[in-house]
Amino acid sequence: MPESQSMYPSGTKELANERKKLAPNQAEAFKAFSRSVFAEGALSAKTKQLIAVAVAHVTQCPYCIRGHAQGARQHGATAEEMMEAIWVAAEMRAGGAYAHSLLALDAIGGSHNEAKDGG
């Protein structure tokens with residue numbers, strides 16, 4: 001793939017219209033759901049956008065990263081706040097791997113203890 005070409009197509013109006021044309025009811029339902037989720041509520045719209053920035057980094061969705069970084073900025077988030085949210089995401093993703101190590105240790109528990117005890 002040439003360096004100038006991305007594996008992700010640009011989010012053009014034509015592609016968005018095509019997606020909506022192929023499943024108009026679902027597209028409108030998703031749009032309404034999104035508006036509802038990101039509306040002011042117990043959490044501010046800014047806080048919700050910062051959460052979305054963090055989650056977008058965990059899910060590794062480039063469209064979500066761009067869209068929610070812009071949304072967070074539009075709601076007054078600073079670059080420092082976004083970077084802190086991204087670090088929270090990084091810790092949670094790494095923490096998940098660390099926490100799940102208990103499953104591996106549990107699975108090998110008997111042999112690990114025998115090897116450690118010289119048995």
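Laboratory data are not the source of any read-out in this text; all were calculated from the coordinates shown. The shown structure was predicted, so the numbers you read here are calculated from the model rather than taken from an experiment.
Numbers below:
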| quantity | calculated |
| --- | --- |
| Anisotropy class of the range 38-116 from Cα gyration tensor, a/c 1.5 cut | prolate |
| Helix 62-74 axis, angle to the chain major axis (alpha carbon atoms, nearest 10°) | 70 |
| Helix 13-22 vs. the chain, principal-axis angle (Cα, 0 to 90°, nearest 10) | 80 |
| Number of Lys pairs (Cα under 18 Å; 8 or more positions apart or on different chains) in the chain | 5 |
| The chain: most fluctuating residue of His75, His57, His100 per GNM, C-alpha cutoff 10 Å | His100 |
